[in-house]
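Encoded as structure tokens, the structure appears first; notes follow it.
Laboratory data are not the source of any read-out in this text; all were calculated from the coordinates shown. What you are looking at is a predicted structure, and each value in this text was computed from that prediction instead of being measured. Here the Cβ positions follow ideal geometry from the backbone for every residue, glycine too, while neighbour counts run over all protein chains shown.
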Amino acid sequence: MRIGVVGLGLIGGSIFKNILEGKKHEVVGISRSVNEFNVSKDYNNLKGCDLVFVCTPMNVTLSILDKLNEYLDEKTIVTDVCSLKEFVSKKTYNYKFIPSHPMAGTEHQGWEYAFPDLFSGATWAVTLKEDTNKKDFELLKSIIEEFGARVVLTTPKEHDRAVALISHAPMLIAQALCKNIEDNELAQQLASSGFRDTTRLAMSNIEMANDMIKMNETNIKEVVSMLNSNIDNLYNSDYKKEAGKIKKFREELYK
Ligand code: NAP
């Protein structure tokens, strides 16, 4: 199979390096900064690809998807990896587009930090469109599984709400928790592993974080108000019983 990757940062670079290392498929890249391997700035390099991963920041992905229309036809399957799925799902293209989102990443960005095993053991959300054909989905799924990830099917709307719950709102809350102690030197001195673990998402890639909070604002605000009412409910409940149930739930989640 000939596989293309556009944007060789953390995610695209990891996809590229994984395929390169696997030696099962031919991989070609489109990059403004990487000059090694089978990588070029010229989108003609993507011609003849069976599958293309678009791995650019969310704020430029729509224009990249439009640009691909000039180079690809209905023989090619294209997927993106954006952290939000509704905004990319509205248009149709000459090629076959199946939006997706790997649930893997680190606080770093760029090719230097990309590594082939990034997706090992991760889930990878895929949102099918009405006209998605089963064979194309199966092909995308087989490649995602070669990366060591597991496909979870969802809809763009459900996806964007779920990621607000597990990723975007927690990131904003982690940042707010850091701001809470900005002027408290004692709290900073006493902060230990609990605070470090709770605020890990405050280390997210800033450009991506900015796209997330702007583009998923409604869902995030809903989660924050849900958080406030859950805190109230905990105070007004049989606290020990509720906290015990939560501890069990958390244990199961990461078993
Ligand atoms: P990244 O490391 O910053 O990589 C993005 C790459 O896109 C850059 O290295 C650059 O690659 C290219 N690029 C940047 N600006 C561009 C522009 N204006 N026009 C064309 N290409 C441009 O970011 P990332 O973490 O890989 O994120 C990429 C996508 O993955 C985003 O849509 C993000 O939502 C999604 N995602 C990220 C994570 C995560 O945790 N990081 C997880 C899941 C999904 P070249 O220098 O090669 O051109």
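Structure summary
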item	result
Residue exposure sequence - Ser31, Ser167 - by fewest surrounding Cβ within 10 Å	Ser167, Ser31
Amide H within-cut-off set for Val81, under 5 Å, with H built and near neighbours excluded	Val54, Thr56
Semi-axis lengths (Å, descending) of the ellipsoid that matches the C-alpha gyration tensor of region 2-154	20, 18, 15
Relative contact order (%) - region 2-154, alpha-carbon pairs under 8 angstrom, separation at least six	23
Folded to 0 to 90 degrees: helix 206-215 orientation relative to the chain principal axis, Cα	80
Taking the chain and dividing mean pair separation by its residue count, relative contact order in percent (alpha carbons under 8 Å, at least six apart)	16
Length added when fully stretched, Asn233-Glu130, from 0.36 nm per residue minus Cα-Cα	33.0 nm
Amide H contacts under 5 Å for Val152, placed H, 5+ residues apart	Trp124, Ala125, Val126
Reach of Lys214 by Cα under 23 Å, taken over lysines that are not fewer than 8 positions away in the same chain	Lys85, Lys90, Lys91, Lys157, Lys179
FRET efficiency estimate (nearest 0.05) - Cβ-Cβ, Lys67 to Thr198, R0 30 angstrom	0.15
Kirkwood Rh (inverse of mean 1/r, distinct Cα pairs), region 158-253, angstrom	15.1
Proximal aspartates and glutamates to Lys17, defined as alpha-carbon separation beneath 14 angstrom and excluding residues fewer than eight positions away on the same chain	Glu26, Glu36, Glu112, Asp117, Glu146
Where a label projected 7 Å from the Cα of Leu253 along Cα→Cβ would reach, residues of region 161-200 with amide N under 17 Å	161-175, 194-200
Using alpha-carbon coordinates, inclination of helix 58-68 to the longest axis of the chain, degrees	10
For the chain, fraction of C-alpha pairs farther apart than 21 Å, in %	63
Angle between the chain longest axis and helix 169-180 axis [Cα atoms, degrees, rounded to 10]	50
Proximal lysines to Lys240, defined as alpha-carbon separation beneath 25 angstrom and excluding residues fewer than eight positions away on the same chain	Lys248, Lys255
